Amino acid sequence: MSVEISFTLCLVFILLIPTAVAGLSLINVGLGPSRSAAHFMTSSLCVVAVSLLIYFAFGGAISQGLYSTPLMALTEPKSPLQPSGIFFHAMPWATVAALPALLMLASVAICSVIPLGAAGVRWRASSASLSTVLLAGFIFPIFFRLIATQYLASGFPRLPGTLDAGGSGFINVTGGLTALSITWLLGPRHGKYSLSGIPAAIPAHNAVYVLFGCMLTWVGWLGLNSAGAMLYAGSGAENSALVIINTTLSAAAAALAAAAVTRIRYRRPDASLIANGWMAGLVASSAGCATFKPTIAIIVGLVAGTLVVFSAEWFELRLRVDDPCGSVSVHAVCGLWGLLAVGIFAGIPGQFMAQIVGIATLLGFIFPMTYGLNWLLNKFSPYRVSPDGERQGLDLHELGADAYPEFVIHSDEFLQR
Amino acid sequence: MKLGGFLLLLSGWGIVVTALVLLHRRTVPAFILAGVAVEILGLVLVLRAHLPAPKGKG
């Protein structure tokens, strides 16, 4: 295909990505309590805005570095990515080299919404915005610089770089590990665990939002994976149909796997875990969306859908991590599975070790960094709202108005006293 | 224990990066796996450190 057609197609794919941000936000709102619905959505908008501005200001300069590093496909060799500097001041916006910058801006917006799902209901909006400065300004760009530009592989020429076309690692695992760090720093919601450590089942306030959010996220993920495959995995525009079918099949298989596992374990299929299964399939498909065969994508999805159910249960029951939206299981655990699956199934010599290097960097460098930075920030600007604010609901406490002022809002009558 | 866990995570990554940069390519995979093993130990420590202490019912 000509460069013009590839450019147009890639631009259309990138334009789809904001629906993934909307979908993720809607899932978070639906899985949270009605008393914090407006706060969830407002926080999502705020963190997206902060992430875009911070990444534009200096995150982009960190991720692209001070030297030219072609990102493949569209930008190589015709138009190598130039160092853009702070505020992207050297970016040639009228060329094809601007596409990776647009994709990165959209990617960082998705990454910034992920921690809200795990930490919402008890996380101040101002603290969430400050934490996003760390995520979008340092953590996300540094990992992208290390892995997506194949910086780590440069010392070992026979080792290919970590393959992560749609961002299983640099978007999802980065966001998921940040979510886990913040959840630990915040502690569980009031009344979530009894004195003996038995968790209370706090129901989602609107399952329709959650399931509609999954459908919106699907559309966005098709754009994310397709654009990522073209710009980061060297996949041609003619390969887009394969990327789209892989993404869709993986999500479908994962949702059905989650439905089957919850049906067997709890006697009824669980709507929120099926939604998590759908999301897990999308996340796991991202890394290898351009390299898998469709049958492999189904296997990856089946494993992801099964994994997310057990992982969510393990985090909640065994580790006492209170993650209302399952963000850690969906994004961190299934993102890691997506990275590993590329090493297992891609059939590229040396790719398995390359994926292990990517995973080792996420766990051994990004996780301590995101925990340490958030721990430090929490010392200066406490993340958690007051117990009264939590009982009242963050809508009234932080925004002064409910999301549903004309309806009866439920209190915590389902919690253990 | 928490700090020890995070230090082990960083040490494991250090082993991986050092192996990539310094070692001969035949020995690199073994050192990468060794680094990951150290990271897994660190991860287990971090997870255990975050488990709340058991409380009595009284």
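The values are calculated or read from the model by the stated rules, or taken from the named source; none is laboratory data. Note that the coordinates shown come from a computational prediction; the quantities given were computed from them, not determined experimentally. Ideal geometry is used to build each Cβ from the backbone, glycine not excepted, and the neighbour counts take in all protein chains shown. In case anyone asks, the SASA skips ligands and DNA or RNA and just uses the protein heavy atoms, side chains included. Shrake-Rupley method; radii C 1.70, N 1.55, O 1.52, S 1.80 Å.
Structure notes:
- Against the test of being assigned to a helix (DSSP H, G or I), open to solvent by less than 60 Å² (accessible area, probe 1.4 Å), of a type in the set (Gly, Ala, Ser) and at the interface with chain A (Cβ under 7 Å from one of its Cβ atoms), the options B:Gly4, B:Gly12, B:Gly42 yield a single qualifying residue, B:Gly12.
- Residue pairs meeting the criteria (Cβ under 8 Å; at least 6 apart or on separate chains; first within 17 Å of A:Val330 (Cβ to Cβ), in the range A:254-271; second among the aromatic types (Phe, Trp, Tyr)): A:Ala254/A:Trp278; A:Ala255/A:Trp278; A:Ala258/A:Trp278; A:Val261/A:Phe310
- Residue within the range A:77-94 that is open to solvent by 20 Å² or more (accessible area, probe 1.4 Å), at pLDDT 85 or above and among the β-branched types (Val, Ile, Thr) present: no
- Residue list for the range B:18-39, filter: surrounded by 13 or more Cβ atoms within 10 Å (Cβ to Cβ) and either more than 7 Å from chain A (Cβ to nearest Cβ) or within 30 Å of A:Ser196 (Cβ to Cβ) (or both): B:Thr18, B:Ala19, B:Leu23, B:Phe31, B:Leu33, B:Ala34, B:Val38
- Helices (runs of 4 or more DSSP H) wholly inside the range A:255-357 that include at least 1 residues being surrounded by fewer than 20 Cβ atoms within 10 Å (Cβ to Cβ) and hydroxyl-bearing (Ser, Thr, Tyr): A:294-313
- Condition met for A:Val357 (facing another protein chain (nearest Cβ under 7 Å), touching a residue at least 40 places away in the same chain (Cβ under 8 Å) and within 23 Å of the chain's Cα centre (by Cα)): yes
- Residues of the range B:45-58 satisfying the condition of being outside any helix (DSSP H, G or I) and either open to solvent by less than 90 Å² (accessible area, probe 1.4 Å) or among the aromatic types (Phe, Trp, Tyr) (or both): B:His50, B:Leu51, B:Pro52, B:Ala53, B:Gly56
- Members of the range A:228-251 that are modelled with pLDDT of 95 or more and either open to solvent by 40 Å² or more (accessible area, probe 1.4 Å) or over 30 Å from A:Val12 (Cα atoms) (or both): A:Ala241, A:Leu242, A:Ile244, A:Ile245, A:Leu249
- When every residue of the range A:369-378 is checked against the conditions, at least one turns out to be among the hydroxyl-bearing types (Ser, Thr, Tyr) and closer than 30 Å to A:Gly197 by Cα.
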